[in-house]
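Quick notes on the structure that follows.
What follows draws every value from the coordinates through simple rules; no lab data is involved. Just so it is clear, the structure is predicted and the values come from calculations on it, not from any experiment. Glycine gets a Cβ as well: all are built from the backbone with ideal geometry, and neighbour counts include every protein chain shown.
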Amino acid sequence: MNDGTGNTPAPAYKRVMLKISGEALMGDQGFGLNPPIVERIAREVQSVHDLGVEICMVIGGGNIFRGLQGSAQGMERTTADYMGMLATVMNALAMQSALEGLGIFTRVISAIPMDQVCEPYIRRRAVRHLEKGRVCIFAAGTGNPYFTTDTAAALRANEMACQAILMGKNGVDGIYDKDPRTNDDAKRYDEVTYDEVLRKNLKVMDAAAIALARDNDLPVIVFPLDVEGGFRGILAGNGTYTMVHG
């Protein structure tokens, strides 16, 4: 990929937050982790890391346990949410293993202290890791129940001074007014404002995350994670995606 002169163009962003769902790691097996899928996503991250981009990550835990579902089945909500946070730590450790297998130094940083397996969240230390070229995977959400990993991604992206949040999705290439997998007449947006997302309830991120991005003028880019080279393509201005901005 070059600009026609033989030179690789500078990436659009120097520091980004990649948010992916836990379900993205399980492939078609319906539960848990699918190691080949984890390795493929790690290679996508490697391709962007090779451009010199500083990368933060937040991974959901829905492939292992989703707090809201546990609550709906009668479990006390706070306990269910803490269990979901622990699931995100498991996913983060799996991604760390895959990235370090590719030679990329990675730190898992947890909002809930568990020093034997990962670092506690200290903002200045995390920034220093990024400056040294390490991938930082933020786990355990915000450390608080009732907040999703979407909100954690928006929070950490702002704290780390990321220039954009990239939402990697499976099976869709952007934001639609309705689910394109079940509605043939679904309309796709190339760009949309934060307020439209909230007003039309477009299900990009939860409302708290979108509001946090809006209040800090942080663009959110929704792109297909299951397209090879999709993550790197966004940094070069290529590919299909939807941008949420002001």
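Amide H contacts of Asn170: Leu225, each under 5 Å away and 5 or more positions distant or on a separate chain (H built 1.01 Å from N in the peptide plane; Pro and chain starts excluded).
Shown in residue order for the range 193-203 are the 3J(HN,Hα) couplings computed by the Karplus curve 6.51 cos²θ - 1.76 cosθ + 1.60 at θ = phi - 60°: 8, 4, 5, 5, 4, 6, 5, 8, 6, 7, 6 Hz (x for Gly and Pro). Positive end of the dipole of the chain (Cβ unit charges, origin at the Cα centre): among Val192, Gly230, Gly141, the Cα lying farthest that way belongs to Gly141. Short-range pairs are left out: with C-alpha atoms under 8 Å and at least six residues apart, the relative contact order of the range 15-245 is 21 percent. When only the Cβ of Lys, Arg, Asp and Glu is charged (+1, +1, -1, -1), the dipole of the chain relative to its Cα centre reaches about 540 debye. Note that the range 11-24 has calculated 3J(HN,Hα) couplings of x, 5, 10, 8, 9, 9, 10, 9, 10, 10, 7, x, 4, 5 Hz, one per residue in order, obtained from phi through the Karplus relation 6.51 cos²θ - 1.76 cosθ + 1.60 (θ = phi - 60°); glycine and proline are x. Each of Gly84, Ile165, Val108 was placed along the dipole of the range 15-245 (beta-carbon charges, centred on the mean Cα), and the one lying farthest toward the positive end is Val108. Which one, Val220, Thr242, Cys118, is farthest towards the positive end of the dipole of the range 15-245 when Lys and Arg carry +1 and Asp and Glu -1 on their Cβ? Result: Cys118, furthest along the dipole toward the positive end.
Bridge orientation summary for the chain: considering DSSP beta bridges with both residues in this region, about 15 percent are antiparallel.
Close amide H partners of Arg15, meaning residues 5 or more places away or on another chain with modelled amide H under 5 Å apart, are Glu54, Gln163.
When each of Phe31, Phe105, Phe147, Phe231 is scored by the number of other beta-carbon atoms lying within 10 Å, the sequence from fewest to most is Phe31, Phe105, Phe147, Phe231. When both the range 217-246 and the range 87-147 are represented by their alpha-carbon centers, they are found 23 Å apart. Amide H contacts for Ser110 (H built 1.01 Å from N in the peptide plane; partners 5 or more residues away or on another chain; cut-off under 5 Å): Glu119, Tyr121, Ala139. Extension gain for the segment Phe105 to Leu68, taken as residue separation times 0.36 nm less the Cα-Cα distance, is 10.0 nm to one decimal. What is the range 15-245 by shape, rounded, prolate or oblate, if you read a ≥ b ≥ c off the alpha carbon gyration tensor as root eigenvalues and call it rounded for a/c under 1.5, prolate for a/b larger than b/c, and oblate otherwise? It is rounded, given that a/c, with a ≥ b ≥ c, falls under 1.5. Scalar couplings 3J(HN,Hα) for the range 221-229, obtained by applying the Karplus form with A = 6.51, B = -1.76, C = 1.60 to θ = phi - 60°, are 10, 9, 9, x, 6, 8, 9, 4, x Hz; x denotes Gly and Pro.
Please give the length that would be gained between Arg40 and Val127 if that part of the chain were fully extended, namely 0.36 nm times their separation in residues minus their C-alpha to C-alpha distance (nm, one decimal).
The Arg40-Val127 span can extend by a further 28.7 nm.
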